Amino acid sequence: METESLRSVSLRANRRGDRGNQNSSAKDAEGDFYSPGRLAHEYPVKVMFRMGFVRLVLVAGIIWMLLILSVLLFHVWSCQSSVTFLSAICNRESRVFLMLDTMGLVPKPQHRCPIPVANDPNKVAIPSGRTPDKIVANLHYVMDDEQINNASKSPPLFGGRETWSQREESFKLNPTMKVHCGFIRNGGAEMDPVDIKYVKKCRFVVASGIFDGYDTPHQPSNISHRSKKLFCFLMVVDKQSLSFIKSNVTVRKDDEGGQWVGIWRLVLLKNSPYDEPRRNGKVPKILTHRLFPQTQYSIWIDGKMELIVDPLLMLERYLWRGKNTFAIAQHKHSRSIYEEADANKRRKRYARPLIDLHMKIYKYEGMQPWTPEKGNPSDVPEGAIIIREHTAINNLFSCLWFNEVDLFTPRDQLSFGYVVYRMGGAFKFFMFPNCEYNSIFVLHPHTREHSSKIEWVKNMSEFEGKGSILKESRGGLGLWTPYPGNLDEVVLPPVARTSKAG
């Protein structure tokens, strides 16, 4: 009995073990059925399709994101580029650009110092009247070339044939004056009647100029709606520049025949008055009051610059806040005109012997090197930005300044301090720090470098014989007219070269 009981227990245990083995084998078989190896073996195409599709979606998504990012970065880069085609396709007022700017992805210009301008152009109070003219009340201009009236066969010159005695008389201030100031009748630089009609309504002007096809207009930024309605943005061009602009950017025409590039109204000066493009550029820059006689306030900015400060804030900062009527920046390097003349010779800005002759005339007439005792920060300005109210005394200064540019070298920075000196303190101006000047604009390089043969002349003998063709025929004639004084004994002041750039 006992033996049979033990045998029965043993058989049950063996059966349980067999069932356990069978269950384990079944689970193993079931696991093998659903294992990746079995799936990969039985459904290779389906698995590969699923895995490949996922990878394709991921790769396509990454490529799409990179494409969008590239387009956005290209948009930002085109707005910073100096290449004509790229800068032309930039739209700073587009939603994309504004969104990127809000996100901080648009690089900001690096300024050397902030401009203490008001916060809101809409809160700027515009003076109700003009600044009274106390020294010169009535200013008139010579309109005809006197030598033309005396049966001379030479064509009229834009600046007229001002004699040495007339030049001397022009510096003697009187309540009523008549001076040379360009725009001699039939001397060139005529405006189209359509543009003359348009500028008559312009009381506030931002003016610029492009000559000889060096640039295309750069659209200003940060301009308030109030300033867009208040200011005329006038870009003065010659025929060559107008053709260059039309071939590189879109020029639209309004119903009255006016031509526009963005916010800029193009103003064509027909019959360029000078052979030298740089001298032509001085016409709208210095004689803004002659081109736009109805204008009360003007801001001049060189054509290679992009204005980035609201013009109404500029007038408030540089004129109205300090009760100034003329503002210009201090030169970065030079204080004395003799320093600047030396720098111009080293950088080949004009014929070296003619620059020396120009400076000898000024030294003979009493112009001393700059010292702090003169009361002005410098005798040399950065002339690329000029902010002014068109008062009689400011208009007279502009005329006399232009006459020097017309008679001598086209380097207006050499003449500014001299005219200030000759006016004997009657002309008041605000010369603001150079670091603020660099905060007003973004500088774009010219589309090509200007160069003329006269800039490479090292001595007067090069003008002799065949070299006579290097002489300008309509400007700088004072350098070739016998001067009524002995310049042989004039010694130019020594110059300390304070910087490589200067």
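The values are calculated or read from the model by the stated rules, or taken from the named source; none is laboratory data. As the structure is a prediction and not an experimental result, all values here were calculated from the model. With ideal geometry, Cβ positions are generated from the backbone for all residues, glycine too; neighbour counts draw on all protein chains shown. To get the accessible areas, we keep the full protein, side chains included, count just its heavy atoms, and leave off ligands, DNA and RNA. Shrake-Rupley method; radii C 1.70, N 1.55, O 1.52, S 1.80 Å.
When Glu146 is tested against (1) of a type outside the set (S, T, N, Q); (2) at pLDDT 95 or above; (3) open to solvent by 30 Å² or more (accessible area, probe 1.4 Å), exactly one condition is not met: (2). Only residues that are open to solvent by 10 Å² or more (accessible area, probe 1.4 Å) and either modelled with pLDDT under 95 or under 22 Å from Glu340 (Cα atoms) (or both) were counted in the range 385-411, giving 3.
Residue under question is Lys374, and the condition is that it be open to solvent by 10 Å² or more (accessible area, probe 1.4 Å) and touching a helix residue (DSSP H, G or I) at 6+ places or on another chain (Cβ under 6 Å); does it hold? Criteria not met by Lys374.
Scan the range 284-294 and tell me whether some residue there is of a type in the set (Lys, Arg) and open to solvent by less than 40 Å² (accessible area, probe 1.4 Å). Scanning the range 284-294 turns up at least one residue that is of a type in the set (Lys, Arg) and open to solvent by less than 40 Å² (accessible area, probe 1.4 Å).
None of Lys153, Lys172, Lys178 is on the phi < 0 side of the Ramachandran plot and modelled with pLDDT under 95 except Lys153.
Considering only residues that are polar (S, T, N, Q) and under 17 Å from Asn280 (Cα atoms), look in the range 217-242 and name the one that is least open to solvent (accessible area, probe 1.4 Å).
Initially, the range 217-242 is screened for residues polar (S, T, N, Q), giving 219, 221-222, 224, 227, 240-241.
So of that shortlist, the ones also under 17 Å from Asn280 (Cα atoms) come out as 240-241.
On the way: Gln240: 98, Ser241: 0 Å².
Checking each candidate, the answer is Ser241.
Within the range 178-203, being under 18 Å from Val136 (Cβ atoms) and open to solvent by 10 Å² or more (accessible area, probe 1.4 Å) holds for Lys178, His180. Are any of the residues in the range 312-326 buried (at least 20 other Cβ atoms within 10 Å of the Cβ) and under 20 Å from Phe211 (Cα atoms)? Within the range 312-326, none of the residues are buried (at least 20 other Cβ atoms within 10 Å of the Cβ) and under 20 Å from Phe211 (Cα atoms).
For the structure I just gave you, tell me whether Arg167 is free of Cβ contacts under 8 Å to residues at least 24 places away in the same chain and either open to solvent by 10 Å² or more (accessible area, probe 1.4 Å) or touching a helix residue (DSSP H, G or I) at 6+ places or on another chain (Cβ under 8 Å) (or both). Against the criterion (free of Cβ contacts under 8 Å to residues at least 24 places away in the same chain and either open to solvent by 10 Å² or more (accessible area, probe 1.4 Å) or touching a helix residue (DSSP H, G or I) at 6+ places or on another chain (Cβ under 8 Å) (or both)), Arg167 does not qualify. Of all the listed residues (Lys345, Lys332), the sole one being surrounded by fewer than 22 Cβ atoms within 10 Å (Cβ to Cβ), touching a residue at least 60 places away in the same chain (Cβ under 8 Å) and not hydroxyl-bearing (Ser, Thr, Tyr) is Lys332. What's the number of the only condition in (1) out of contact with any helix residue (DSSP H, G or I) (no Cβ under 8 Å at 6 or more places or on another chain); (2) open to solvent by 20 Å² or more (accessible area, probe 1.4 Å) that Phe441 fails to meet? The single condition Phe441 does not satisfy is (2). Residue pairs whose Cβ atoms lie under 7 Å apart, sitting 6 or more positions apart in sequence or on different chains, and linking a residue in the range 422-436 that is within 15 Å of Leu400 (Cα to Cα) and in contact (Cβ under 8 Å) with a residue 12 or more places away in the chain to a partner that is open to solvent by less than 40 Å² (accessible area, probe 1.4 Å) and assigned to a loop (DSSP other than H, G, I, E, B), are Arg422/Phe171; Met423/Phe171.
Let's see how each residue does on (1) touching a strand residue (DSSP E or B) at 6+ places or on another chain (Cβ under 8 Å); (2) farther than 16 Å from Arg265 by Cα:
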| position | (1), (2) |
| --- | --- |
| Arg167 | no, yes |
| Lys172 | no, yes |
| Lys178 | yes, yes |
| Met191 | yes, no |
| Val194 | no, no |
| Phe204 | yes, no |
| Ser224 | no, yes |
| Phe231 | yes, no |
| Lys239 | yes, no |
